Amino acid sequence: MAQIIDGKAVSAAIKEQVRDEIARDGIKAGLAVVIVGNDPASRVYVNNKKKACEFCGIQSFEYALPEETTMQELLELIDTLNNDKNVNGILVQLPLPEQLDEKAVIERISPQKDVDAFHETNVGKIMIGNYSFLPCTPAGCMELIHSTGISVSGKECVVIGRSNIVGKPMAMLLLHENGTVTICHSRTKDLAEVCRRADILVAAVGKPNFVTADMVKEGAVVIDVGINRLENGKLCGDVKFDEVSEKAGWITPVPGGVGPMTIAVLMKNTLTAAKLQK
Ligand code: L34
């Protein structure tokens, strides 16, 4: 039976560190969060980000724009925020409505304020290993792995999913810690066989219950990045928790796993941005 990795507890400890440093050093930090449209999941995540800011003593500025916002309007707002001294971090919540070009939006954010680390400049820095910010979700996953006390060095690590936001940077962070890393995707042959090699398995597919027990090695660390909303309104990960938890050594739950970590790392990045901009 796997031990549960408690993302709520690990994220609370990180937020406390951020709060204590801000209070101790009298740091003024501000985060602007831009949300466009009415996606209910995005609304929940943005509210959680606001609450975390309040807890940490970070000033939060929310910009809730209508669904029909144009590129020009959004880029103008980003320019204003780039030039606002009270704003140290800028986050545009994804996904955006389809008339908006996500890539162009991300590239408009000043790299120094890009607390998501989605900008090309920051992605490049992560590749090389010379970075100020780590992308929130992958860095949160690394913190959860560290919390088990298991070292990544020399381990077989398998990441399922190759998105720019999770899969690719996740693989890079595991590599930086000397893991032997495989990235799997929809064209991977014999996915189950590849996954079964993993000492550390990270699922970022976006399909409910995709990872089943036959894909998991006995005793593996299983990190579930998925947050899928089922028709009954319940949240469900990419990992079939009931059966995989019988076989894994460690496993993250959904909710209460990776999600809260994403937000904790965002707080850390906002503090880093504020310190760098001083
Ligand atoms: N720009 N867009 C940008 N940055 C991000 O880092 C995100 N992400 C992802 C979606 N779009 C983004 C988030 O904020 C996913 N994400 C996120 C943030 C918080 C939570 C989940 C995903 C979270 O709080 N999860 C809770 C449950 C929340 C609920 O009840 O729905 C959990 O315990 O998993």
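The values are calculated or read from the model by the stated rules, or taken from the named source; none is laboratory data. Owing to the predicted nature of the structure, the values given are computational and were not obtained by experimental measurement. Ideal geometry is used to build each Cβ from the backbone, glycine not excepted, and the neighbour counts take in all protein chains shown. Just the protein is used for accessible areas: all its heavy atoms, side chains included, with ligands, DNA and RNA removed. Shrake-Rupley method; radii C 1.70, N 1.55, O 1.52, S 1.80 Å.
General remarks:
- Pairwise FRET efficiency - THR148 versus ASP190, Cβ, R0 = 41 Å, nearest 0.05: 0.90
- Whether the range 145-259 is rounded, prolate or oblate, judged on the alpha carbon gyration tensor where a/c under 1.5 counts as rounded: rounded
- The range 209-264 - accessible surface per residue (Å², probe 1.4 Å): 42
- In the range 45-103, the portion of solvent-accessible area held by carbon and sulfur atoms comes to 49 percent [1.4 Å probe, whole percent, DNA, RNA and ligands not counted].
- Tilt relative to the chain, helix 7-25 - C-alpha long axis, 0 to 90 degrees, to 10: 30
- Shape of the range 1-143, Cα gyration tensor, a/c cut at 1.5: rounded
- Ellipticity estimate at 222 nm from DSSP helix runs (n ≥ 4, -39,500 (n - 2.57)) divided over the chain, nearest 500: -13000 deg cm²/dmol
- Per-residue Karplus couplings for the range 96-101, computed as 6.51 cos²θ - 1.76 cosθ + 1.60 with θ equal to phi - 60°, are listed in order as 9, x, 5, 6, 9, 8 Hz, Gly and Pro entered as x.
- Applying a threshold of 31 Å to the alpha-carbon distances of LYS15/LYS103; LYS49/LYS189; LYS8/LYS247; LYS51/LYS275; LYS51/LYS103 flags LYS49/LYS189 as lying beyond it.
- Stokes-Einstein D for the range 92-169, Kirkwood Rh over Cα pairs, 25 °C, 0.890 mPa s (µm²/s): 175
- Annotation: lysines with alpha-carbon distance below 17 angstrom to LYS234 (same-chain offsets under eight excluded): LYS207.
- Accessible surface ranking for SER163, SER110, SER186, 1.4 angstrom probe, highest first: SER186, SER163, SER110.
- Cα gyration tensor category, rounded, prolate or oblate, for the range 217-278 with a/c compared to 1.5: oblate
- Between 0 and 90°, nearest 10: helix 136-147 axis offset from the chain longest Cα axis: 50
- Interchain or long-range residues, amide H under 5 Å from PHE61's placed H: LEU31, ALA32, VAL33
- Rolling a 1.4 angstrom probe over the protein heavy atoms with all chains in place gives the range 6-50 an accessible area of 49 Å² per residue.
- Cβ-placed point charges (K, R +1; D, E -1), dipole of the range 77-219 about Cα centre in debye, nearest 20: 240
- The slack in the chain from THR70 to ASN232, taken as 0.36 nm per residue of separation less the alpha-carbon distance, amounts to 55.0 nm.
- Cut-off 16 Å, label 7 Å out along Cα→Cβ of ASN47, residues of the range 214-241 by amide N: 233-235
- Percentage, to the nearest whole number, of Cα pairs in the range 1-76 over 20 Å apart: 49
- Residues of type aspartates and glutamates that LYS240 reaches as a straight line, Cα spacing below 20 Å, ignoring anything fewer than 8 places off in the same chain: ASP6, ASP190, GLU193, ASP199, ASP214, GLU218, ASP224, GLU231
- Taking the square roots of 5 times each eigenvalue of the Cα gyration tensor of the chain, largest first, gives ellipsoid semi-axes of 31, 20, 18 Å.
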